[in-house]
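Visitor: Here it is: the structure, laid out below.
FYI, it's all coordinate maths here, none of it is from the lab. These figures come from a predicted structure and were not determined experimentally. Don't worry about glycine lacking a Cβ; one is built from the backbone with ideal geometry, like all the others, and counts go over all protein chains shown.
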Amino acid sequence: MSQANTLMAVLVGVPLVGAIIAFVYPRLAVSITAVCAGVMVAAAAGLTRLVLSSGVLRQDVGGWAAPLGIGWQVDGLSAGLLLLTAAVGAAGAAHRAFEALEQPFFWPLWLFLWGALNVLFLSADLFNLYVALEVLSLAAVALIAMAGGGALPAAWRYLLASMLGSTVYLLGVALLYGRYGALDIALIADALETDLPSALAAALITLGLLLKAAVFPLHFWLPSAHGRAPAAVSAALSAVVVAAAWYLLVRLWFAPFGAFQGNGVGVLFGLLGAAAMVWGGLLALVQHRLKMLIAYSTVSQFGFGLLLLPLAGGVGAELAWRGAVVIVLSHGLAKASLFLAVGGIARSQGHDRLDAVGGFGSGGVLPWLALVLAAASLLGVPPTGGFAGKWWLLQGALAEGAWLWVLAILLGTLFTAAYLSRLLAVLLRPAQRGPQTGRPSPLTALPGFVLALMACGLGLALPALERLLSSALVAGGLP
Amino acid sequence: MGWLVLVFDGLLAAALIWLAWQATHTPGLFRSVISFIIFGLLMALAWVRLDAPDIALAEAAIGAGATGALLLSALGRLVATHEEGAPWQERRDLYFWIPAGGALLGLLTLAAWMLPSPGLGEQVQDALPESGVQNPVTAVLLNFRALDTLLEIGVLLLAAIAIWSLGRMPLPSAPAVRSPALPALGRLLFPMFVLVSAYLLWRGSHAPGGAFPAGAVMGAGGILTILAGAQPWLTGSVHGPWRMLLSLGFAAMLALALGVMALGQPFFAYPPGLAGLIVLALELAAGLSIAMSLVALYLAGQPPDHWEGEARGE
Amino acid sequence: MSLTDLLGGLLVLLGMPFFFLGTLGLLRFPDAYTRLHALAKTDNVGLGLVCLGLALYSGSWLTGLKLLLIWLLMLVASAAGAGLIGRTAMARGMKPWGL
Amino acid sequence: MTEVFAVLVLLLLLNIVVGLARVLRGPSAADRMLASEMFSTSAVAILLLLAFILDSPPLLDVALVLALLAALAVVTFVGRAWSDLQSRQSESARGMESRESD
Amino acid sequence: MIYLLLAGVLFVIGLHGLFVARHLLRKILSLNVLSAAVFLLLVALAREADPLDAVPHAIVLTGIVVSVSATAVALVLLVRLSRPREDQRKLMDEEGG
């Protein structure tokens, strides 16, 4: 039994065991979540170290090798996302614990969400991924609905969209299974031929995942769901859940469906990404609520992630790859931090309307600091993680002479600056005391602040990131 | 006899399509729900035709039984079920849907037609002796792809938690007529439910059956006895046993998956020789939890801490 | 083909008309009460004959027992169902045909 | 003999298909529920016959489960669904009596 | 094979229903029809394989349980959504305690 196997088993098993304990003994929920969070941060870090030292890891679950059994696979990308999940999961849980709201079911649902995400980033089996996606959606729906009132219709839309997405995805998986008799991504990648069933399967799976990633024309469900959910939940959804769907897209389009690249498919993805940046940016500009502004910014920011696909085949592939992954990671940290900070501000003010919310310092200084730092990273101010990501992506695009995508990156950054400047305008207002009774604990703002620091600090960890995201540590290799 | 089979398939397919259309596109919510229940019934026949008795069993128990009960009781609880006007929006989008639907259908059928479907039948056959059971489907579910099943039982538990998190159990609308036959029916049928699910559980290792149909039948039995007016002995209370029973199957599988690692095995790898026993134990725990989860799903909310007075709703 | 096989087949055949009669009643009778009456009886007689016939045909006690159980369960379900529907319909003020 | 049974299976399926007309026409919820009950009886018969035609004993278990659960839908219907539906359906039920008494 | 065609038709019906149906309950039914179509395709394909392939059967069994769970959650959400506001607030209050 190897160390890798133990670490992976811990990442899957611990949150699920924690979920059971938190459900059966609600009194222990907060403490068990804290224990789980600690263990998982450590396990994700350990696994990342292992990937750095010994390359791509692969394990057979239950001792049954694919195609019969299910495989687990960790490379640089999944290790990075596992770390992101651990950071956001722990920070969100801490935020929630400091908020001290009386909702005992939050904890098991949160741990289920976390466990499902870990399975998603580990699994290399298409059907196992389907089940993990379903666990993820159900937990997310329940967590969104927890906010009550207007969050119920949002939860409903989210449920419907993600069920449709997973059914369409499953149809694609069924076709692939009928074609190749395997569910393992690597096995399918080896066998893939560019015939009609495979193409249709690729299209269906992509469509399902695009729906889950809320990519431009299919983003309709995201803003209300992310804008209405409790702060910690919005943070996790925007930072990691959307990234999970993006991760699957990249994973599949790099290895098995890479064969279909080049027939203009990459360009299609790029155009979708560019459209998402523009449309999400435009809508973020006209929102009246802080949380909604941030939610639309998620739609816009994932446009950058999609630009990876048109750039993947060329000479700038490695730069673009590194850039896109770092953008997604730093976006995750920054966006989670923004949601947590805004959640704290909204609680202290009793609302989050942009025209009436108080300026810097209302409801504590820490959330505003987090807001500023996270916004800086989102925008790409050097030396933050966001800057590094955009810089690499831009260099990749320049290296390939892909002027269209260079333009898109610049335009997307422009839009980001435009809607973030609305935050800046709020910042300069005089501070206001909210009508709140019973101040929330000042500790509530701490997790968001830590995440913001991490988003900025990512820019200082570039050598490590470069190594983790080098082409040697990509399962299946860069195309 | 070839033409007989063809006619049978054709009739079944036509009926299924018609029912699906009824369920999704025609006015009258009750009619839709009934159509869907019958759809499930006929799907069970389709599974039989496709040589999938395991799925037929599950469809009969879950599809035709539990889903029907869920849908009907939800329908009764919907306050605003009035449907004004057409069940679907204006027909202006027909110009989009007919070509788009036709194209999708054509592509899908063509693609499906072209599939060689190599399948994993041989690998399953080869590995079957090591799996500890003789029924290949059970072997796949509880051994080869046990991680899927773990997550699936997790989904059931999660659904129950999600439903509890949405609020308290809505007060049941008691039957308008208190028929003396109802409690008698409950008393008469309950032992049968227990018997049949025990039988299915036992069958599972060597023939179609196993935890899923058994748990579903047991869960349906629980729903029926609640409908018949029996006082559930399980409460939503933290101290009650329900939470434990709900998580039992999931906890047992997780404990096993992690526990074997203490023996030096990789995650979820059964120690050689013990596979048969382990699968049986897992099936028992999973079956119980599935039954409990189905009842929880049916109750549509967190049950009260004490049943007296509160839940009767009168 | 043995005598029991033949007898079994005949009984199954004999059961068929009852199903069709039940459906005829379901389609042609004027209201829910009369349809109830048509279905509750005929279908179960039909099923009973099929079960009996198949039990003879199979020639195995165990299978026969299972078939008997299936028939009894259907009988209980149908009797209880018919009773419940009729009673509830009456209580809800649904008027029988001809009154 | 199995050929004869196969024809009977077909006839029973036809029986269900014809019975679907009652689901279509209703008019009351009770009528539709009745029709669905009739279908489960027919489906059980079909499964029993198929068990012998295909020589597949598991189908008997499927039939057993169907028979066991047949009561569930009706009881849920009477106990839960009808209580609220009734107020709306009874009007249409009365309407149908005048319509259908031809 | 007829069942492949059937799966396709059911998929299109379910998809159409999901997009155009007005009542939310009907959207849930459409989703169920949609998943039934996918299951049907899987099993119909499994039958083509030689020898009979048990993996799709197991997958479909898992899928059925998952779809029942999702349906149950959707139904409860739907019931909570359809309650009049007054009623909903009462539910929310209860939720706290």
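Visitor: Through the Karplus equation 6.51 cos²θ - 1.76 cosθ + 1.60, θ set to phi - 60°, convert the phi angles of region A:294-309 into ³J(HN,Hα) values in whole Hz; use x for Gly and Pro.
Guide: Using θ = phi - 60°, the values come out as 5, 5, 5, 5, 5, 4, 5, 5, 6, x, 4, x, 6, 4, 4, 5 Hz.
Visitor: Placing +1 on the Cβ of each Lys and Arg and -1 on the Cβ of each Asp and Glu in the protein assembly as shown, which of A:Phe387, A:Leu204, A:Val315 has its Cα farthest towards the positive end of the resulting dipole?
Guide: A:Phe387
Visitor: If you don't mind, there's one more thing I want to ask. Report the one residue of B:Leu19, C:Ile70, A:Leu378 whose Cα lies farthest in the direction of the positive end of the charge dipole of the protein assembly as shown (charges on C-beta: Lys and Arg +1, Asp and Glu -1; origin at the Cα centre).
Guide: Value: A:Leu378.
Visitor: Can I ask one more? How far apart, in nanometres, would the label points at A:Ala191 and C:Leu13 be if each is projected 7 angstrom from Cα along the Cα-to-Cβ direction?
Guide: 5.0 nm
Visitor: Which value in deg cm²/dmol, rounded to the nearest 500, describes the helix-derived mean residue ellipticity at 222 nm for the protein assembly as shown, given -39,500 (n - 2.57) per DSSP H run of n ≥ 4 and division by the residue count? Please list the in-between numbers first.
Guide: Details: 43 runs with 797 residues, N = 1091.
Theoretical 222 nm ellipticity from helices: -25000 deg cm²/dmol.
Visitor: Hey, got the dipole for region A:351-479? About the Cα centre, +1 on K and R Cβ, -1 on D and E Cβ, debye to the nearest 20? Walk me through the numbers before you get to the answer.
Guide: Numbers: 7 positive and 4 negative charges, 80 e Å.
The calculation lands at about 380 debye.
Visitor: So if I place +1 on the C-beta of Lys and Arg and -1 on the C-beta of Asp and Glu, and nothing else carries charge, what would the dipole magnitude of the protein assembly as shown be about its Cα centre? I want it in debye, nearest 20. Provide the component values of the computation, followed by the final result.
Guide: Numbers: 56 positive and 54 negative charges, 616 e Å.
So the dipole magnitude of the protein assembly as shown works out to roughly 2960 debye.
Visitor: With a cut-off of 8 Å between alpha carbons and a minimum separation of six or more residues, what is the relative contact order of region A:172-262 in percent?
Guide: Details: 77 pairs, mean separation 31.1, N = 91.
Normalised by residue count, the contact order of region A:172-262 is 34 percent.
Visitor: Cα-based Rg (one decimal) and Dmax (whole number) for the protein assembly as shown, in Å?
Guide: 29.0, 100
Visitor: Where does region A:276-479 land on Rg(C-alpha)/(2.2 N^0.38 Å)?
Guide: On the way: Rg = 17.8 Å, N = 204, 2.2 N^0.38 = 16.6 Å.
That ratio works out to 1.07.
Visitor: Is there a simple number for the mean count of other chain Cβ atoms within 10 Å of the Cβ of residues in A:127-136, and what is it? Spell out each step's value before the answer.
Guide: Values: counts 9, 5, 0, 6, 14, 5, 1, 12, 9, 1.
What the average comes to for A:127-136 is 6.
Visitor: Over what distance in Å are the Cα centres of region B:186-229 and region A:187-249 separated?
Guide: 39 Å
Visitor: Please list, by residue number, every one of the trypsin sites (Lys or Arg not before Pro) in region A:367-451 that is coil in DSSP and has at most 14 other beta-carbon atoms within 10 Å. Before the final figure, lay out the partial values.
Guide: Values: sites: A:Lys390, A:Arg422, A:Arg433; in loops: A:Arg433.
Within region A:367-451, the qualifying trypsin sites (Lys or Arg not before Pro) (loop, at most 14 other Cβ atoms within 10 Å) are A:Arg433.
Visitor: Given B:Leu142, B:Gly106, B:Leu245, which one lies farthest toward the positive end of the charge dipole of chain B, if we put +1 on the Cβ of every Lys and Arg and -1 on the Cβ of every Asp and Glu?
Guide: About the Cα centre, the residue reaching furthest to the positive side is B:Leu245.
Visitor: If each of D:Val18 and A:Leu354 carries a label point 7 Å out from its Cα toward its Cβ, how far apart are those two points in nm?
Guide: 6.7 nm
Visitor: How much FRET efficiency would the formula 1/(1 + (r/R0)^6) give for A:Leu428 and A:Gln3, where r is the Cβ-Cβ distance and R0 is 41 Å, rounded to 0.05?
Guide: Details: r = 52 Å, r/R0 = 1.27.
Efficiency computed from Cβ-Cβ geometry: 0.20.
Visitor: For region C:3-91, what class follows from the C-alpha gyration tensor (a ≥ b ≥ c being the square roots of its eigenvalues): rounded when a/c is under 1.5, otherwise prolate if a/b is larger than b/c, else oblate?
Guide: On the way: a/c = 6.10, a/b = 1.86, b/c = 3.28.
Taking the square roots of the gyration eigenvalues as a ≥ b ≥ c, region C:3-91 is oblate.
Visitor: Still on this structure, I have one more. Using a 10 Å cut-off on Cβ to Cβ distances, tally the other chain neighbours for every residue of B:269-278 and report the average as a whole number. Mind dumping the intermediate values first?
Guide: Values: counts 8, 2, 0, 1, 0, 0, 0, 0, 0, 0.
That average works out to 1.
Visitor: Next question, about the same structure. Under the rule of at least 5 residues apart or a separate chain, name every residue whose amide H is placed under 5 Å from the amide H of A:Ser362.
Guide: It is A:Gln432, by chain and number.
Visitor: Please compute the average number of Cβ atoms from other chains found within 10 Å of each residue's Cβ in peptide A:15-27. Could you put the intermediate results ahead of the total?
Guide: On the way: counts 0, 11, 5, 0, 7, 12, 2, 1, 11, 10, 4, 2, 1.
Per-residue shielding by partner chains comes out at 5.
Visitor: Now for a different question. At 7 Å along the Cα-to-beta-carbon direction for both A:Ser31 and A:Leu478, put a label point, then send me their distance in nm to one decimal.
Guide: Between A:Ser31 and A:Leu478, the simple spin-label model gives 4.9 nm.
Visitor: Quick one: putting +1 on the C-beta of Lys and Arg, -1 on the C-beta of Asp and Glu, what dipole do you get for chain B around its Cα centre, in Debye to the nearest 20? Before the final figure, lay out each step's value.
Guide: Details: 12 positive and 18 negative charges, 114 e Å.
Value, rounded to 20: 540 debye.
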